[in-house]
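Colleague: First the structure, then my questions, so here it is.
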Amino acid sequence: MLKKESEQKKIAYFCMEYGLESDFKIYSGGLGILAGDHLKACRDLNIPLVAIGIKWKQGYVEQRLDEMGNVYDCYRDIDASKLEDTGITVEVTIRENQVPIKVWKTEAFQNAPLFLLDTDVSGSPYHGITKQLYGGNDEERVAQEIVLGSGGVKALKALEIEVETYHFNEGHAALAGLELISEKMKDGLSFHEAWEQTRKQIVFTTHTPVEAGNEIHPISRLRYMSANIGLTIEQLAEIGGIPFNMTVAGLRLSRKANSVAELHLDTTKKMWRHVTGKAPLINITNGVHGQTWMDQRYLDENLNSSQCWEIHQENKKILIETIFERTGTKLKSDKLLIGFARRMTPYKRSNLIFSQPENVDTLLQEGKIQLVFSGKSHPMDSKGKAMLSSLHEMQKKYPESVVLLQNYDMNLGAQLTRGCDVWLNNPQRPKEACGTSGMKAAMNGVLNLSILDGWWPEACRHGYNGWAIGDETVPQTEEKQNLKDAKALYEALLNEVVPTYYDDHSKWVEMMMKSIESVKEAFSASRMVQEYWNKLYAPNKGRGLA
Ligand SMILES: *Cc1c(COP(=O)(O)O)cnc(C)c1O
């Protein structure tokens, strides 16, 4: 007999952040947007998935620059009026104290059910734990991860949701694995038996392709914070190593793990080759939620090239109007507009296009190319903030053709990836795990001009649906890499992008249409979650999706 939907076992998706709607700022960037798109696509396809996250009181930083280019961080309470109170409270142990957690629920953003955990319980001295996403010191981070991991497992139990598979999106949720082991040991299993059974319940997605970017904690800190959840030092070390690495833990706690782009799979395998006892690694390339990010008019199969261009020009004018409102600069809709919006952090090299000014100075002075930048830096990333300040300088130097939009968010992301002509991406290879903004751009006919990093090698056909910057070789030193990539960027820009835009309009529009066609399904969130379902959630059960 078929079970009722409510009795069906669920996939429980754990993530620190979710980008569901621009103003509901429980997200910081790519990881959260991906999680939000995952939930929306699961909802669209009726995949039995529930999600666990944190109800951040203030969410991620708001960032402003003053006239001088100084960067200011501020925080504001999030509007949580769309959340439903489940009436459920669970408790976790943090620093040997019992910390109450309230459980909220939302499906208001057309997403699969999302349960948000909140320590801001009236009268609780621990209300501050869920205050700021990626705020606080290492101990506060561990406290947040106990809430997400241990609290999440307990919340699902209290909600009487039967879980078939736990999906940890990034290492932040790894402590949920310790909670599951600990539960089984309370039922009488040995540590190794409990671990073995727990592994069968978990799948894990890793993102950060830079070893230093993966979170580690001294075991003493985990013990002191009560994050060991009853396990001994030796048991913790077996799972996450010494110091305890959250990604290594994810790899050893799961039955299967995945990367988020083909190139990222190679990088991930190399990075963790020394880790014994890890789950087999496969790749599932990210995708983006079409209804959220794509101008739906492009879905019309009968669109001709002039209609395609018209839609684009409309989107470009909307963006130009937003830029005018925000900065007072009026860009021109008949001149090439290049967009660059990323987290401001050194490896993304937002300044690369200015690194040999003689190559672009005249074009910028004449307004033949116009550049729009946006992005936030992490509040503690002083180099990232310096990049914002230097972009502010460039805006002063070229007031008619360079703009910096402050306080990047989903609304700006959507407008930029619809309204620019070209989407520029020039990270140090191979440090970009995937880079989903390029997919949003591509499915709106905004042509990618990108280093062959992240997802782009899978989609790029140079001169057909966008352009590659340089080739796949990477020089030994960072300095040489910067020089080589800058040279390749200028070559592609000056010899291909600019001439095509101004002198070969029909080829340009043809490329736009090829871009949309080659990306809209292949890099959609629905393709992505179907792959998760078939390869990760329900392998060998022969239950494909209709
Ligand atoms: C899509 C998106 C991202 C992720 O894009 P990347 O290409 O990984 O930088 C980050 N922030 C916002 C607001 C987005 O819309």
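The values are calculated or read from the model by the stated rules, or taken from the named source; none is laboratory data. As the structure is a computational prediction, the values presented were derived from the model and not from experiment. Here the Cβ is made from the backbone with ideal geometry for all residues, glycine too, and neighbour counts use every protein chain on show.
Colleague: Being among the acidic types (D, E) and assigned to a helix (DSSP H, G or I) is true for just one of E164, E193, E160. Which residue is that?
Modeller: Details: E164 fails: assigned to a helix (DSSP H, G or I); E160 fails: assigned to a helix (DSSP H, G or I).
When all the criteria are applied, what remains is E193.
Colleague: Select from the stretch 386-444 the residues that are within 19 Å of the chain's Cα centre (by Cα), basic (K, R) and farther than 28 Å from T477 by Cβ and list them in ascending order.
Modeller: Result: R418, K440.
Colleague: Another question about this same structure. Could you pull out the residue among L265, L319 that is more than 16 Å from the ligand (Cβ to nearest atom) and among the hydrophobic types (A, V, I, L, M, F, W, C)?
Modeller: Going through L265, L319 in turn, just one is more than 16 Å from the ligand (Cβ to nearest atom) and among the hydrophobic types (A, V, I, L, M, F, W, C): L265.
Colleague: So which residues in the stretch 200-218 are modelled with pLDDT of 95 or more, over 17 Å from E145 (Cβ atoms) and surrounded by fewer than 19 Cβ atoms within 10 Å (Cβ to Cβ), if there are any at all?
Modeller: K200, Q201 - these are the residues of the stretch 200-218 that are modelled with pLDDT of 95 or more, over 17 Å from E145 (Cβ atoms) and surrounded by fewer than 19 Cβ atoms within 10 Å (Cβ to Cβ).
Colleague: Here is a follow-up. State which residue pairs qualify: first residue under 25 Å from F523 (Cα atoms) and inside the stretch 262-274, second residue surrounded by 14 or more Cβ atoms within 10 Å (Cβ to Cβ) and among the charged types (D, E, K, R) in any location, beta carbons under 6 Å apart, and separation of 6 or more residues or different chains.
Modeller: These pairs meet every condition: E262/E458.
Colleague: If you go through the stretch 397-407 one residue at a time, do you hit one that is touching a Pro at 6+ places or on another chain (Cβ under 8 Å), of a type in the set (K, R) and away from the ligand (no atom under 13 Å from the Cβ)?
Modeller: No, because not a single residue in the stretch 397-407 is touching a Pro at 6+ places or on another chain (Cβ under 8 Å), of a type in the set (K, R) and away from the ligand (no atom under 13 Å from the Cβ).
Colleague: Considering only the stretch 187-197, I want to know if a residue exists there that is of a type in the set (S, T, Y), modelled with pLDDT of 95 or more and touching a His at 6+ places or on another chain (Cβ under 9 Å). Step through it out loud before you land on a result.
Modeller: Filtering the stretch 187-197 for residues of a type in the set (S, T, Y) gives 190.
Among the residues that remain, those that are also modelled with pLDDT of 95 or more are: 190.
Subsequent filtering for residues that are touching a His at 6+ places or on another chain (Cβ under 9 Å) retains none.
No, there is no match, as no residue in the stretch 187-197 is of a type in the set (S, T, Y), modelled with pLDDT of 95 or more and touching a His at 6+ places or on another chain (Cβ under 9 Å).
Colleague: Kindly check whether there is at least one residue in the stretch 370-380 that is on the phi > 0 side of the Ramachandran plot, more than 16 Å from the ligand (Cβ to nearest atom), assigned to a loop (DSSP other than H, G, I, E, B) and outside the structural domain of Y60 (by TED's automatic domain parsing).
Modeller: The answer is no, given that none of the residues of the stretch 370-380 is on the phi > 0 side of the Ramachandran plot, more than 16 Å from the ligand (Cβ to nearest atom), assigned to a loop (DSSP other than H, G, I, E, B) and outside the structural domain of Y60 (by TED's automatic domain parsing).
Colleague: Could we say that G53 is more than 16 Å from the ligand (Cβ to nearest atom), in the same structural domain as L148 (by TED's automatic domain parsing), assigned to a strand (DSSP E or B) and within 22 Å of Y166 (Cα to Cα) here? Don't jump to the end; show me each part of the working.
Modeller: On the way: more than 16 Å from the ligand (Cβ to nearest atom): yes; in the same structural domain as L148 (by TED's automatic domain parsing): yes; assigned to a strand (DSSP E or B): yes; within 22 Å of Y166 (Cα to Cα): yes.
Yes.
Colleague: Residue under question is V142, and the condition is that it be in the same structural domain as M271 (by TED's automatic domain parsing) and not in a helix (DSSP H, G or I); does it hold?
Modeller: no
Colleague: Filter the stretch 408-447 down to the residues that are closer than 20 Å to S355 by Cα and outside any loop (DSSP other than H, G, I, E, B), then identify the one that is nearest to the ligand (Cβ to nearest atom).
Modeller: The residue in question is N425.
Colleague: Just give me the residues in the stretch 382-395 being of a type outside the set (S, T, N, Q) and free of Cβ contacts under 8 Å to residues at least 60 places away in the same chain, in sequence order.
Modeller: Kept after step one, since they are of a type outside the set (S, T, N, Q), are these residues of the stretch 382-395: 383-388, 391-394.
Within the stretch 382-395, K383, G384, A386, M387, L391, M394 qualify.
Colleague: It is to be established whether one or more residues within the stretch 121-133 are among the hydroxyl-bearing types (S, T, Y), out of contact with any Ser or Thr (no Cβ under 6 Å at 6 or more places or on another chain) and part of a strand (DSSP E or B).
Modeller: In the first step, residues of the stretch 121-133 are kept if they are among the hydroxyl-bearing types (S, T, Y); the result is 122, 124, 126, 130.
Checking the rest, the ones that are also out of contact with any Ser or Thr (no Cβ under 6 Å at 6 or more places or on another chain) come to 122, 124.
Within this subset, residues satisfying the condition of being part of a strand (DSSP E or B) are none.
No, the stretch 121-133 contains no residue that is among the hydroxyl-bearing types (S, T, Y), out of contact with any Ser or Thr (no Cβ under 6 Å at 6 or more places or on another chain) and part of a strand (DSSP E or B).
Colleague: Just a yes or no: is a residue in the stretch 506-521 under 29 Å from N304 (Cβ atoms) and in a loop (DSSP other than H, G, I, E, B)?
Modeller: Let us first name the residues in the stretch 506-521 that are under 29 Å from N304 (Cβ atoms), namely 506-521.
Filter once more, keeping what is in a loop (DSSP other than H, G, I, E, B): 520-521.
Checking the stretch 506-521: at least one residue is under 29 Å from N304 (Cβ atoms) and in a loop (DSSP other than H, G, I, E, B).
Colleague: Would you tally the residues in the stretch 185-201 being in contact with a strand residue (DSSP E or B) (Cβ under 8 Å, 6 or more places away or on another chain) and aromatic (F, W, Y)? First the steps, then the outcome.
Modeller: Initial filter on the stretch 185-201 (in contact with a strand residue (DSSP E or B) (Cβ under 8 Å, 6 or more places away or on another chain)): 201.
Then drop every residue that is not aromatic (F, W, Y), which leaves none.
So the answer is 0.
Colleague: Right, here's the next one. Under 6 Å by Cβ, and 6 or more places apart or on different chains, what pairs join a residue from the stretch 246-257 that is farther than 12 Å from R199 by Cβ with one that is surrounded by fewer than 24 Cβ atoms within 10 Å (Cβ to Cβ)?
Modeller: Once the first residue is farther than 12 Å from R199 by Cβ and sits in the stretch 246-257, its partners that are surrounded by fewer than 24 Cβ atoms within 10 Å (Cβ to Cβ) give M246/E215; T247/N214; V248/G241; V248/V275.
Colleague: Would you mention how many residues in the stretch 114-123 are surrounded by fewer than 18 Cβ atoms within 10 Å (Cβ to Cβ) and in contact with a strand residue (DSSP E or B) (Cβ under 6 Å, 6 or more places away or on another chain)?
Modeller: Summing the residues that are surrounded by fewer than 18 Cβ atoms within 10 Å (Cβ to Cβ) and in contact with a strand residue (DSSP E or B) (Cβ under 6 Å, 6 or more places away or on another chain) in the stretch 114-123 gives 1.
Colleague: I've got another one for you. Go over the candidates I129, I88 one by one and state the one that is of a type in the set (A, V, I, L, M, F, W, C) and either within 28 Å of H378 (Cβ to Cβ) or surrounded by 22 or more Cβ atoms within 10 Å (Cβ to Cβ) (or both).
Modeller: Working: I88 fails: either within 28 Å of H378 (Cβ to Cβ) or surrounded by 22 or more Cβ atoms within 10 Å (Cβ to Cβ) (or both).
That would be I129, the only listed residue that is of a type in the set (A, V, I, L, M, F, W, C) and either within 28 Å of H378 (Cβ to Cβ) or surrounded by 22 or more Cβ atoms within 10 Å (Cβ to Cβ) (or both).
Colleague: Can you tell me which residue among E358, E321 is surrounded by fewer than 18 Cβ atoms within 10 Å (Cβ to Cβ), closer than 30 Å to Q110 by Cβ and free of Cβ contacts under 8 Å to residues at least 40 places away in the same chain?
Modeller: Selected residue: E321, the only one of E358, E321 that is surrounded by fewer than 18 Cβ atoms within 10 Å (Cβ to Cβ), closer than 30 Å to Q110 by Cβ and free of Cβ contacts under 8 Å to residues at least 40 places away in the same chain.
Colleague: Restricting attention to the stretch 299-333, report how many residues are among the hydroxyl-bearing types (S, T, Y) and within 19 Å of K368 (Cα to Cα). Show your work before the answer.
Modeller: So in the stretch 299-333, the residues among the hydroxyl-bearing types (S, T, Y) come out as 305-306, 322, 327, 329, 333.
In the following step, the residues that additionally are within 19 Å of K368 (Cα to Cα) were identified as 329, 333.
Final tally of qualifying residues: 2.
Colleague: Can you tell me which residues in the stretch 314-352 are within 24 Å of the chain's Cα centre (by Cα) and among the aliphatic types (A, V, I, L, M)?
Modeller: Answer for the stretch 314-352, where residues must be within 24 Å of the chain's Cα centre (by Cα) and among the aliphatic types (A, V, I, L, M): L319, I338, A341, M344, L352.
Colleague: Residues K480, K514: which one is assigned by TED's automatic domain parsing to the domain that holds S305, more than 16 Å from the ligand (Cβ to nearest atom), surrounded by fewer than 17 Cβ atoms within 10 Å (Cβ to Cβ) and over 25 Å from the mean Cα position of the chain (by Cα)? Steps first, answer last, please.
Modeller: On the way: K514 fails: surrounded by fewer than 17 Cβ atoms within 10 Å (Cβ to Cβ).
The unique qualifying residue is K480.
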